[in-house]
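**Q** There's a structure below that I have some questions on.
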């Protein structure tokens, strides 16, 4: 008789639940996050198991990799798409693990993508780069604000990056302002070195694969954005339609409509925030270097506002990149903005 396993994973422990094809509970136990404990629990059912479902929490790498290395068929459940039975008054880890196994038995499990282990560390390194970029931007904005507030001057972000600690004494007379400015400047320089170091570490390790090389023909997409998109996408063929990819990249609205009226919002966090960032960055670069993109942006901005306009442009670039990756064709600006 077939069996199905579900594992509700937490930071320090997990609950393993196993059912048969009649939904009879065969096994259920909480255990520490140690691979040997999980393997011991699954071993008596190995020959019957049709699959092991692991909830996609932030710490799933070790468990999924370990199970796959021991030749278990693993399914990664997408927690934001898993719907519980609304009539239940109470659920817990035990119930959740059996529910994951139950959905796998019925063939209705919403699955996440198990990213290849060999490229995962490089992808995560680029994700850390984005974290440092955001911290640097926060310090640049802080220094810009302080200069404008106290001196009435507006200095661009690129100019701020060139300011050194000696310039702080020239800018401000107050010792406290000089002290704050020096800290901002030192932090910006330090984070800049980290960002360049990550780029230097990543570029020799991975190159754009053939299906992603054409991304560089898109106005606004350079090496780092191209690598980010490639490493976040993995296999473009896992997206059947362009709308699936656009939704995964968070480039479309998360709304529920009925009779033309907004009735609520879906999960805004569902999808890939790193792809969302990449396409917004590409859109910002595009309006600087493409007349057609600038026209589109200005038209949308006049209709709504700048934020909506940049998201609309990022969605167009996202949709175009889907066909570029899938069909391996170069970017055609005339087709995009016809």
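The values are calculated or read from the model by the stated rules, or taken from the named source; none is laboratory data. From a predicted model like this one, the values you see are computed outputs, not experimental measurements. Virtual Cβ from ideal backbone geometry, glycine too; neighbours counted across all protein chains shown.
**Q** Does region 57-70 contain any residue that is loosely packed, with under 12 Cβ neighbours inside 10 Å, closer than 30 Å to residue 20 by Cα and at pLDDT 95 or above?
**A** Checked against the condition, which is being loosely packed, with under 12 Cβ neighbours inside 10 Å, closer than 30 Å to residue 20 by Cα and at pLDDT 95 or above, region 57-70 yields at least one hit.
**Q** From 148, 219, 137, 187, which residue is in a helix (DSSP H, G or I) and closer than 25 Å to residue 283 by Cα?
**A** 137
**Q** Hey, another quick one. Identify the residue in region 313-333 that is touching a residue at least 12 places away in the same chain (Cβ under 8 Å) and more than 15 Å from residue 220 (Cα to Cα) and, among all such residues, is surrounded by the most Cβ atoms within 10 Å (Cβ to Cβ).
**A** 325
**Q** Are any residues in region 139-158 surrounded by fewer than 16 Cβ atoms within 10 Å (Cβ to Cβ) and in contact with a helix residue (DSSP H, G or I) (Cβ under 9 Å, 6 or more places away or on another chain), and if so, which ones?
**A** 141, 150, 151, 153, 154, 156, 157, listed by residue number.
**Q** Okay, moving on. Note down all Cβ pairs under 6 Å where the first residue falls in region 234-255 and is assigned by TED's automatic domain parsing to the domain that holds residue 281, the second is exposed (fewer than 14 other Cβ atoms within 10 Å of the Cβ) and outside any helix (DSSP H, G or I), and they're at least six residues apart or on different chains.
**A** Partner pairs satisfying both residue conditions: 254/265; 254/266; 254/268; 255/262; 255/265.
**Q** Are there any pairs, at least 6 apart or on different chains, whose C-beta atoms fall under 8 Å, with the first in region 196-210 and more than 15 Å from residue 225 (Cα to Cα) and the second in a loop (DSSP other than H, G, I, E, B) and at pLDDT 85 or above, and if so, which?
**A** Final answer for the pair search is 210/328.
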